[in-house]
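Right, one structure below, let's go through it.
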Amino acid sequence: MNKPISSFDQPKNHLKDHVYLITGATGGLGRETSLALAKLGATVILTARNEHKLDALYDQIEQEGYPTPAIIPFDLEQKDDEIYKQLIQSIYNEFKRLDGIVHAACHMGVIGPIGSQDGSQWQKAQQVNVNSAAMLSKVCLPLLQQSKHASISFISDSSARQSKAYWGAYGVSKVAIECFSSMLADELDATTVVSNVFIPGPCILPIRKKTHPGEEEVNLSTSSELASSLVNVILSEESGQFFSHQTG
């Protein structure tokens, strides 16, 4: 069952000295969440493939006077365990701590009948949306468990998760990541690390425009509203939950 979670402000500098890793940091929700965490005093580690967009986000965070972020260009299509281990080693070398991961990276692939699903696109969706998130979570666990409270946050989709026709690889990946999050939460029950899923719902994000073209935006949540709710998921002490953004 989904639990509603609202957008509300956390105290200024609430996350001072905390460190968070955000995948897909240059995307709609990843970008706004990076800014929201930085605004609360956190140091954000920005990962994505597009270095130009990463640089632009880095500059914006610095111009706002927030803690200096870090940039790690990273391609989630990589499958070698050693590359993921090198990523977390670089984080340890620089910061000696990690308080959370936000898995905001996403590859949609093809929305259409199963018969139209190209094999390479199917595999890419599973790799970026599920496999890389599992691999990255695994290598980060030892460092996360040193935090007094750490979180691993996954993003689902209110439409794709219903296992209806035409959602293809993207829909399968969202159901899979929810399952993985629940399994992880169960395994980490006796630790300081929580694992939860955030379900944005109808919103103004680039990915929503692809799946719901022509949709009126009047009653849709903005990316900043979603980011505020996601921050509250990140800070939640509950684990194994599916949190849905609540409007109003």
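Rule-based calculations on the coordinates, nothing more; no lab input. Note that the coordinates shown come from a computational prediction; the quantities given were computed from them, not determined experimentally. Positions of Cβ are generated from backbone atoms using ideal geometry, with glycine treated the same way; all protein chains shown enter the neighbour counts.
What distance in nm separates the two pseudo spin-label positions at Asp55 and Thr68, each 7 Å out from Cα along the beta-carbon direction?
About 1.8 nm, to one decimal.
For the stretch 1-79, run through the chymotrypsin sites (Phe, Trp or Tyr not before Pro) and keep only the ones in DSSP coil with at most 14 other Cβ atoms within 10 Å of their Cβ.
Passing both the DSSP loop test and the Cβ count: Phe8.
Taking only Cα atoms and a 10 Å spring cutoff, compute GNM fluctuations for the chain and point out the largest among Leu230, Leu141, Leu29.
Leu141
Before anything else, pin down the relative contact order of the chain: Cα pairs under 8 Å, at least 6 apart, normalised by residue count, whole percent. Each step should come with its number before you reach the end.
Numbers: 485 pairs, mean separation 60.9, N = 248.
It comes to 25 percent, rounded to a whole number.
Run the simple label-point estimate for Ala165 and Glu237 please: 7 Å along Cα→C-beta, distance reported in nm.
4.8
With label points built 7 Å along Cα→Cβ from the Cα atoms of Thr222 and Lys3, find their separation and express it in nm.
2.8
Which percent, nearest 5, of DSSP beta bridges in the chain are antiparallel? Before the final figure, lay out each step's value.
Working: 0 of 29 bridges.
Once the DSSP bridges in the chain are tallied, antiparallel ones form about 0 percent.
Can you give the local net charge around Ala150? Use residues other than it whose beta-carbon is closer than 15 angstrom to its beta-carbon, Lys and Arg +1, Asp and Glu -1. Mind showing how you got there, number by number?
Details: positive: Lys96, Arg97, Lys138, Lys148; negative: Asp17, Asp99, Glu187, Asp189, Glu237, Glu238.
It works out to a net charge of -2.
With the cut-off at 19 Å, tell me which of the pairs Lys85/Lys124; Lys138/Lys164; Lys16/Lys96 have Cα atoms farther apart than that. Show your work: numbers first, answer last.
Details: Lys85/Lys124 21 Å; Lys138/Lys164 30 Å; Lys16/Lys96 15 Å.
Lys85/Lys124; Lys138/Lys164, as the Cα separations exceed 19 Å there.
Which of the aspartates and glutamates could be linked to Lys174 by a straight reach, that is with a Cα gap under 16 Å, when you skip same-chain ones fewer than 8 residues away?
Hits, sequence-local ones excluded: Asp157.
Be a star and scan the stretch 32-62 for residues whose amide nitrogen sits under 16 Å from the point 7 Å along the Cα-to-Cβ vector of Arg97.
Residues 38, 40-45 qualify, since their backbone N sits under 16 Å from the label point.
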